[in-house]
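The values are calculated or read from the model by the stated rules, or taken from the named source; none is laboratory data. From a predicted model like this one, the values you see are computed outputs, not experimental measurements. Cβ placement follows ideal geometry from the backbone for every residue including glycine, while neighbour counts extend to all protein chains displayed.
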Amino acid sequence: MDNRVAVQQIRRGGKLRYAMSRIWLPYDTLKSHYPSLEGKRVLLPLYEVRRWVKILFCGGTKRGVRELKLNSSKTKAEQLRTNEMLSHLGLES
């Protein structure tokens, strides 16, 4: 999880954008979780809340909190090393 958070911070453009991308999923991702959302983009906020309630009451809270803590604990030096590694491997976004 530590490495995934580091790479996604680079790809998303920083800690805040990464955290927001984990809290509010894009429509295409959410409709793959909830096929009934297909073609009903206006219901996206309702399905986001539905997802949060499911995470809170059906498990996943510990993992989500751990992931957000990892996100906030990453230093600039770690971000730079990760970015250099991705560039060296040819995997930059």
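Kindly indicate the residue of region 14-26 that is more than 9 Å from the chain's Cα centre (by Cα) and surrounded by 12 or more Cβ atoms within 10 Å (Cβ to Cβ) and also nearest to His88 (Cα to Cα) among those meeting that condition.
Only one residue tops the list, namely Gly14.
Can you tell me which residue in region 27-58 is surrounded by the most Cβ atoms within 10 Å (Cβ to Cβ), limited to those that are under 24 Å from Lys15 (Cα atoms) and among the hydroxyl-bearing types (Ser, Thr, Tyr)?
Tyr27
So is Thr61 touching a helix residue (DSSP H, G or I) at 6+ places or on another chain (Cβ under 7 Å), at pLDDT below 85 and either surrounded by 10 or more Cβ atoms within 10 Å (Cβ to Cβ) or of a type in the set (A, V, I, L, M) (or both) or not?
yes
Please specify each residue of region 1-53 satisfying the condition of being among the basic types (Lys, Arg), touching a residue at least 12 places away in the same chain (Cβ under 8 Å) and in contact with a helix residue (DSSP H, G or I) (Cβ under 9 Å, 6 or more places away or on another chain).
Scanning region 1-53 gives Arg11, Lys15, Arg22, Arg41, Arg51.
Among (1) surrounded by fewer than 12 Cβ atoms within 10 Å (Cβ to Cβ); (2) closer than 15 Å to Arg4 by Cβ, where does Glu78 come up short?
Status for Glu78: all satisfied but (1).
Among the residues of region 30-50, which ones are out of contact with any His (no Cβ under 9 Å at 6 or more places or on another chain), assigned to a helix (DSSP H, G or I) and hydroxyl-bearing (Ser, Thr, Tyr)?
Residues satisfying the conditions are Ser32, Ser36.
Taking interchain pairs and intrachain pairs at least six residues apart, which have beta carbon atoms under 7 angstrom, with the first residue in region 66-93 and touching a residue at least 40 places away in the same chain (Cβ under 8 Å) and the second basic (Lys, Arg) and in a helix (DSSP H, G or I)?
Short answer, once both residue conditions are applied: Glu67/Arg22; Asn71/Lys15; Ser72/Lys15; Lys74/Lys15; Ser93/Arg11.
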